[in-house]
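Peer 1: Structure in structure tokens, see below.
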Amino acid sequence: MFNFYPYTENREKFCKTLMDSFPFIKKETIGKSLVGRNLEAFTIGNKSKRIIMVGGVHGSEFLTINLLFNFLWDLCLSYRDGSDVAGIKMKRYLNRRGVTFLPCLNPDGTDINLLGFSSSKGYAKLVEYICPHTCNWQANARGVDLNHNFPANWEIIHHQEEVLGICSPSNTRYGGKSPSSEPATISIMNYIISNDFGRCYAFHRP
């Protein structure tokens with residue numbers, strides 16, 4: 001198993017190793033975060049019939065990023081070498097159905113959580129003001145919780161936030177001034193709609 005936080009200084013080296021080892025992976029940049037970090041997707045298998053798995057929605061959930069990169073690595077080994085994943089040789093299945101991995105939807109929040117408020121660049125003063133102890137940071141650099149920013153039931157969730165007294169940028173649970181206000185939210189929505197995925201799985205820590 002890797003122990004790899006892909007949005008720290010090791011990410012470029014790791015992604016190069018991944019692509020050099022498995023040239024059959026399709027890598028795409030589907031958009032950029034608020035601060036300008038790439039949102040990167042990796043696809044293995046049938047590109048016309050696939051599902052998508054998303055991690056790193058919250059800044060504190062970097063373990064889900066590791067989970068998805070490890071699973072991607074295992075699938076690639078099975079596809080290339082014929083090794084087993086949970087007792088199954090995956091190449092035949094992946095030729096029928098593909099999997100796209102978006103290991104980190106919230107690279108800004110991940111870096112804030114791991115590296116501190118200065119990693120949020122132009123938003124550093126805001127982040128420091130909201131939450132000096134960034135190990136508790138879940139939102140993006142603007143203090144918007146991406147998990148609350150999608151348009152599905154946004155008004156209901158927004159009312160629940162107000163009941164809890166969360167009415168402005170916060171380290172968690174603030175869904176923004178309007179639905180789909182954040183670049184990462186718009187990017188993943190457009191990507192999923194344009195590719196017609198059969199299913200979308202979002203991974204969160206307990």
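Peer 1: Once Lys and Arg get +1 and Asp and Glu get -1 on their Cβ, which of Leu77, Ile186, Ile156 lies farthest toward the positive end of the dipole of the chain?
Peer 2: My answer, from the dipole projection, is Leu77.
Peer 1: Quick check on the stretch 163-206: take the gyration tensor over C-alpha atoms, sort the square-rooted eigenvalues as a ≥ b ≥ c, and tell me if it's rounded (a/c under 1.5), prolate or oblate. Write down the numbers at each step before the final one.
Peer 2: Values: a/c = 3.24, a/b = 1.71, b/c = 1.89.
The shape class here is oblate.
Peer 1: Sticking with this structure for a sec: What accessible area, in Å² to the nearest ten, does a 1.4 Å probe give for Glu40?
Peer 2: Ignoring ligands and nucleic acids, Glu40 comes out at about 30 Å².
Peer 1: Moving to a separate point now. Nothing charged except the Cβ atoms of Lys and Arg (+1) and of Asp and Glu (-1): what's the magnitude of the dipole of the stretch 151-206 about its Cα centre? Round to the nearest 20 debye.
Peer 2: Working: 4 positive and 5 negative charges, 39 e Å.
That gives a dipole near 180 debye.
Peer 1: So which helices of the chain fit the span-like rule, where a helix is a whole DSSP H run, its Cα atoms reach 20 Å or more along the axis, and its mean Kyte-Doolittle is at least -0.5?
Peer 2: 62-81
Peer 1: Contour minus end-to-end for Glu162 and His133, with contour as 0.36 nm per residue of separation and end-to-end as the Cα-Cα distance?
Peer 2: 8.1 nm
Peer 1: How big is the dipole moment of the stretch 62-206 about its Cα centre under a simple scheme where the beta carbon of each Lys and Arg is +1, that of each Asp and Glu is -1, and everything else is neutral? Debye, nearest 20, please. Present the calculation step by step, with values, prior to reporting the outcome.
Peer 2: On the way: 13 positive and 12 negative charges, 111 e Å.
The calculation lands at about 540 debye.
Peer 1: So how do Tyr191, Tyr123 rank on accessible area, 1.4 Å probe, biggest first, that is with the largest at the start?
Peer 2: Final ranking, largest accessible area leading: Tyr123, Tyr191.
Peer 1: Separate question: To the nearest 10 Å², what's His148's accessible area with a 1.4 Å probe?
Peer 2: So the heavy atoms of His148 present about 40 Å² to solvent.
Peer 1: Separate question: Which value, in Å² rounded to 10, gives the accessible area of Tyr79 with a 1.4 Å probe and all protein chains present?
Peer 2: Roll a 1.4 Å probe over it and Tyr79 shows about 50 Å².
Peer 1: Give the Rg (one decimal place) followed by the Dmax (whole number) of the chain, computed from C-alpha coordinates and expressed in Å.
Peer 2: Expressed in Å, the Cα Rg and Dmax of the chain come to 17.5, 54.
Peer 1: About the Cα centre, and with charges only on the beta carbon of Lys, Arg (+1) and Asp, Glu (-1), how big is the dipole of the stretch 57-145? Nearest 20 debye, please.
Peer 2: 480
Peer 1: Below 25 Å, Cα to Cα, which lysines can Lys121 reach? Residues fewer than 8 away in the same chain don't count.
Peer 2: Hits, sequence-local ones excluded: Lys13, Lys32, Lys177.
Peer 1: Also, quick follow-up: For the stretch 136-177, count the residues as N, evaluate 2.2 N^0.38 Å, and divide the Cα radius of gyration by that value, please.
Peer 2: Details: Rg = 9.1 Å, N = 42, 2.2 N^0.38 = 9.1 Å.
Normalised Cα radius of gyration, the stretch 136-177: 1.00.
The values are calculated or read from the model by the stated rules, or taken from the named source; none is laboratory data. Just so we're clear, the structure is a prediction, and the values are computed from it rather than from any experiment. Cβ: placed from backbone, ideal geometry, glycine included. Neighbour counts: every protein chain shown. Accessible surface areas use protein heavy atoms only, side chains included; no ligands, DNA or RNA. Shrake-Rupley method; radii C 1.70, N 1.55, O 1.52, S 1.80 Å.
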